[in-house]
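The values are calculated or read from the model by the stated rules, or taken from the named source; none is laboratory data. The structure presented is a predicted model; accordingly, all values stated were derived computationally and were not measured. Cβ atoms come from the backbone with ideal geometry, glycine included; neighbour counts cover every protein chain shown.
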Amino acid sequence: MGVRLKILQLRSSAGLFGADRVVLALNGALDDAGIDSGLLCINNYRMQEQALHQAATDRRQDAALLPCRRRIDLATIARLAGELRRRGTDIVHVHDYKSAFYAWLATRGQAVRCVATMHGQVDGTRSLRLYNRIELALLRHFDALVAVSARQVEALGKAGVPGQRIHLIDNAIEWPSPSPLRTAEIRRELGLDHGQFVFAAVARFSPEKNLGLLVDAFAAVAEDKPDSRLLLVGDGPDASGLRQQVHALGLERHVHFTGLRDDMEHVYPLFDCLVLPSLTEGMPLVVLEAMAHAIPVIASDVGEIPRLLAQTEHGQLIPPADRDALVAAMRNALLRRGQRDARARRHVETHHSPAAMAVRHAALYRSLTESVDEPQAA
């Protein structure tokens, strides 16, 4: 075996969400693909804890913190540049706009290639739209961009990124090992009865997830099926508004807010149907996770969701922001109670394993370092 490449994954994280779990899976699987990979988590000045770093440490991965004491911290650039030299890094792989900014500056003058994964941009505020524009301007100078959906590939091409630098690599999930005993405990904790049909959403509570539409649609479904329940798993800026909406609709007995959970492999078996009414997505992990548990899915026709649900028996696509279509799909799911999606489970097991994702990334990394071209100049 030749010299193993040294890759540094760089991530500025606000929790342990979908993109963070992809980074964890990739960092953990690259060793078997012949790559030395470490994770550097930007420790932002407002963060009380670093969930991604803790999760990586719990998995005994190579993980460290990079202090960042203000919005733009020049010392962080110097620290990152020093860390790249200390590790003998061949490639820095960034996973968000802040990481892209610091990596681009820290690699000036170093023979370090830069790769970025587009996990999915949101543009709900003026600040986010500005950050997205800055990120795209920076990424035009990166050696390779990893997209997680065909629509991202198309968008990057329209933004002027050369096609040979864009690589479509599917997301992956770690295979679940649920405990029936733990699932039964959680059922009791949440006050769920075995006879109740459980709809669920697992998401960051933010505008692009469009969970208010789900609560509104569930209100109509609950009128016909009073013993149905809705689990909202997660947290975020829309949490207060969602609670107010549930109260205004008189659904407190029917809708359960679980908060963020780190035991989802034991929670998924409670679901009869996963619902994801997002306005925008890349390749959402929650859909892959539901498929791995053979749970039927209702989701918006955005991102890679249509391609995923084409591999299922009971998946239902709805137009984004279409309440009537969502209500109809949820009522249809009620009629199919008890059906599990074995085809979906087989597809995830075959095509979305961390090992498969790592092999594709390893091939990309090697292609960059074997190139005779110099790193792209700014």
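Listing for the model above:
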| item | result |
| --- | --- |
| Single residue of segment 297-308 satisfying the filter (β-branched (Val, Ile, Thr) and closer than 12 Å to residue 284 by Cβ) that is surrounded by the most Cβ atoms within 10 Å (Cβ to Cβ) | 297 |
| Residue match in segment 328-341 (condition: at pLDDT 95 or above and touching a Gly at 6+ places or on another chain (Cβ under 7 Å)) | no |
| Residue count, segment 258-284 (criterion: of a type in the set (A, V, I, L, M) and crowded, with 24+ Cβ neighbours inside 10 Å) | 4 |
| Residue selected from segment 77-99 under the condition touching a helix residue (DSSP H, G or I) at 6+ places or on another chain (Cβ under 6 Å) and modelled with pLDDT of 95 or more, by the criterion surrounded by the most Cβ atoms within 10 Å (Cβ to Cβ) | 92 |
| Residue within segment 356-365 that is more than 24 Å from residue 152 (Cα to Cα), in contact with a helix residue (DSSP H, G or I) (Cβ under 9 Å, 6 or more places away or on another chain) and in contact (Cβ under 8 Å) with a residue 40 or more places away in the chain present | no |
| So residue 241, is it assigned by TED's automatic domain parsing to the domain that holds residue 270 and in contact with a Phe, Trp or Tyr (Cβ under 8 Å, 6 or more places away or on another chain) | no |
| Complete set of residues in segment 155-192 that are more than 20 Å from the chain's Cα centre (by Cα) and of a type in the set (Asp, Glu) | 185, 189 |
| Qualifying residue in segment 249-267 (condition: among the hydroxyl-bearing types (Ser, Thr, Tyr), farther than 27 Å from residue 348 by Cα and outside the structural domain of residue 148 (by TED's automatic domain parsing)) | no |
| Residue 116 vs. criteria within 19 Å of residue 41 (Cα to Cα), modelled with pLDDT of 95 or more and surrounded by 14 or more Cβ atoms within 10 Å (Cβ to Cβ) | yes |
| Some residue of segment 12-27 being aromatic (Phe, Trp, Tyr) and in contact (Cβ under 8 Å) with a residue 40 or more places away in the chain | yes |
| Of residues in segment 29-52 being surrounded by fewer than 20 Cβ atoms within 10 Å (Cβ to Cβ) and over 25 Å from residue 85 (Cβ atoms), the one modelled with the highest pLDDT | 32 |
| The listed residue being touching a helix residue (DSSP H, G or I) at 6+ places or on another chain (Cβ under 7 Å), among the aliphatic types (A, V, I, L, M) and touching a residue at least 24 places away in the same chain (Cβ under 8 Å), out of 287, 302, 267 | 267 |
| All positions within segment 344-367 that are hydroxyl-bearing (Ser, Thr, Tyr) and either in a helix (DSSP H, G or I) or surrounded by fewer than 17 Cβ atoms within 10 Å (Cβ to Cβ) (or both) | 350, 365, 367 |
| Complete set of residues in segment 309-343 that are crowded, with 16+ Cβ neighbours inside 10 Å and assigned to a loop (DSSP other than H, G, I, E, B) | 311, 312, 314, 315, 320, 322, 341 |
| Members of segment 272-308 found to be aliphatic (A, V, I, L, M), under 22 Å from residue 147 (Cβ atoms) and out of contact with any strand residue (DSSP E or B) (no Cβ under 6 Å at 6 or more places or on another chain), listed by number | 279, 283, 285, 288, 291, 302, 308 |
| Residues of segment 279-308 that turn out to be part of a loop (DSSP other than H, G, I, E, B), β-branched (Val, Ile, Thr) and in contact with a Cys (Cβ under 9 Å, 6 or more places away or on another chain), as a count | 1 |
